[in-house]
Each structure stands twice: as C-alpha cells, then as structure tokens.
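The values are calculated or read from the model by the stated rules, or taken from the named source; none is laboratory data. On a predicted model such as this, the values are computed, not experimentally measured, just so you know. Cβ placement follows ideal geometry from the backbone for every residue including glycine, while neighbour counts extend to all protein chains displayed. Just so you know, the surface numbers come from the protein's heavy atoms only, side chains and all, with ligands and any DNA or RNA stripped out. Shrake-Rupley method; radii C 1.70, N 1.55, O 1.52, S 1.80 Å.
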Amino acid sequence: MYIVCSDLEGVFTPEVWINVAEKTGIPELRRTTRDEPDYTKLMYWRMEILDKHGLKLHDIQEVIAQIKPLPGALDFIQWIKERTQLIVVSDTFIQFADPLMKQLGRPTLFCHTLVIDDTNRIIDFKLRQPDPKRRTVEALQSLKYQVIAMGDSYNDISMLKQAEAGILFRPPQNVINDYPQFPITNNYEEIKQILLNYL
C-alpha cells in the first residue's frame, strides 16, 4: 500500500515567511529552508529578527490569514485522496497552519508548536521530534506502507531519501544541484504522471 507524504509550503501554499517579509518590509525574513539547511539555526535567527522589530505571533497570524493556497492545490489534494492517503509533513507550527489547512480541506498535518509568552511574543519552539519528516516516513514504513514523498527544500531531503520514491516540486537551483537524483516537477500535472506509476 502506498501513502503520500508532502511538504506544505512551496508545494500547496506559498512560503509563510516570504509573505511575512513582504508584508512587514523586513527582507531578512525572506530566508527559508531553501537557503538554510539547518532549521533550528534558521528559526532562532527568525526569532531574533521578530524581537528586534517588536513583531509578535498575532502579527504573523494576520499575514497568514490572507494567504491563499497555490492555484490548483486543493484540486490536486482531492485527486490524491481519491487514490490513496495523504499526510502533510511540515516544519510549520500549529499556530500558523490552521487557516491554511482549512482552505485545503483539512488534510492530516504533522508539524511543530511554538512557545508563546503572556505578551504574545514567540520565545521558543518545540519540534515534534528530531528529523521529523524522515521519522514520519520510517514510522509509516514500519506499518508496511510504501511512501511517496514530495518537497521543495533542504529540510525535505531526508524524507525524500527515506521514501520509496522522492519528488522535488519547483525546487531552487541550489537544491537541484545538490540532489540531482530526484525527479524535478514544475506543476501538479507532472507530479500526477509520476504518482500514477505507483498508485
């Protein structure tokens, strides 16, 4: 039995932090896992910038509330769910993801959580577990599933490597250069053609 594990941002929705950067006028917040492979380092760096500019959780949530899924994402999710199960495995946070999940028909989501103080300031974050995307695939494989994984960034690579099949979706050139073993797709129709080889 096959199951699909997919990243969220860059595959089904725009990048949250890029939208926050554009809305707030803080270009440093454009840096994502497409640029920085070390997720913990990236998040602590983001938190420093938020503190420097006095931005709190509600400021980010206001931006997220205006983000729409990528064109065709909802139809593509429905297409997958008509054929097999889908789990969205993301390095986002539950405090960010809810408005996006609602628009996507609430697929199953595995993600992290933020630590917020009584002033609504983001003071830390809790990863669900180390290397959570790869560990999700391993857990599913232990249940005798075969996994097809999709992602676009450095933080997706361990998941793609662990899966029976890994697919890159609109990755930046640096990720393509570093991981030429994965097929590159640029739209949902191209992913469908690969998925149909398995499903």
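The table below lists the values:
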{"quantity": "Among the listed pairs 23/52; 68/126; 41/192; 23/68; 68/161; 52/102, those beyond 23 Å (Cα-Cα)", "calculated": "68/126; 41/192; 68/161; 52/102"}
{"quantity": "Mean accessible surface per residue for the chain, computed with a 1.4 Å probe while every protein chain stays in place, in Å²", "calculated": "47 Å²"}
{"quantity": "Value of [θ]222 nm, deg cm²/dmol, for the chain, DSSP H segments ≥ 4, -39500 (n - 2.57) each, nearest 500", "calculated": "-11500 deg cm²/dmol"}
{"quantity": "For the chain: relative contact order, % (alpha-carbon pairs under 8 angstrom, 6 or more apart)", "calculated": "26 percent"}
{"quantity": "Convex hull volume of segment 97-163 per residue (C-alpha atoms, cubic angstrom)", "calculated": "124 Å³"}
{"quantity": "12 Å beta-carbon shell around residue 125, net charge (K/R +1, D/E -1)", "calculated": "+1"}
{"quantity": "Under 5 Å, built H, 5+ apart or other chain: amide partners of residue 6", "calculated": "87, 88, 89, 150"}
{"quantity": "Residue 181 paired with residue 31, simple spin-label distance in nm, labels 7 Å along Cα-to-beta-carbon", "calculated": "2.9 nm"}
{"quantity": "Zero-based 10 Å bins, Cα pair distances in segment 70-199, whole percents", "calculated": "11, 38, 38, 11, 2, 0"}
{"quantity": "For residue 100, net neighbour charge (Lys/Arg +1, Asp/Glu -1) across residues whose Cβ lies under 13 Å away", "calculated": "-1"}
{"quantity": "P(r), alpha carbons of segment 1-159 - 10 Å bins starting at zero, rounded %", "calculated": "10, 40, 36, 13, 2"}
{"quantity": "Sulfur and carbon atoms: percent of accessible area, segment 119-189 [1.4 Å]", "calculated": "48 percent"}
{"quantity": "Whole-angstrom Cα spans of segment 132-199 along principal axes, big to small", "calculated": "34, 25, 16"}
{"quantity": "Spin-label proximity, residue 83 to segment 142-172 - amide N less than 20 Å from point 7 Å beyond Cα toward beta carbon", "calculated": "145-152, 160-161, 163-171"}
{"quantity": "Carbon and sulfur %, accessible surface of segment 1-75 computed with the full protein complex present, 1.4 Å", "calculated": "52 percent"}
{"quantity": "Per residue, the convex hull volume that the Cα atoms of segment 1-52 enclose (Å³)", "calculated": "90 Å³"}
{"quantity": "Set of aspartates and glutamates near residue 144 by C-alpha distance (under 14 Å), chain-local residues within fewer than 8 positions excluded", "calculated": "164"}
{"quantity": "Built amide H within the under 5 Å cut-off of residue 113, gap 5+", "calculated": "94, 126, 128"}
{"quantity": "Centroid-to-centroid separation of segment 67-111 and segment 126-161 [C-alpha atoms, Å]", "calculated": "16 Å"}
{"quantity": "Segment 137-188: relative contact order as a whole-number percent, Cα under 8 Å and 6+ apart", "calculated": "30 percent"}
{"quantity": "Heavy atoms of residue 70: accessible area, 1.4 Å probe, square angstrom to 10", "calculated": "30 Å²"}
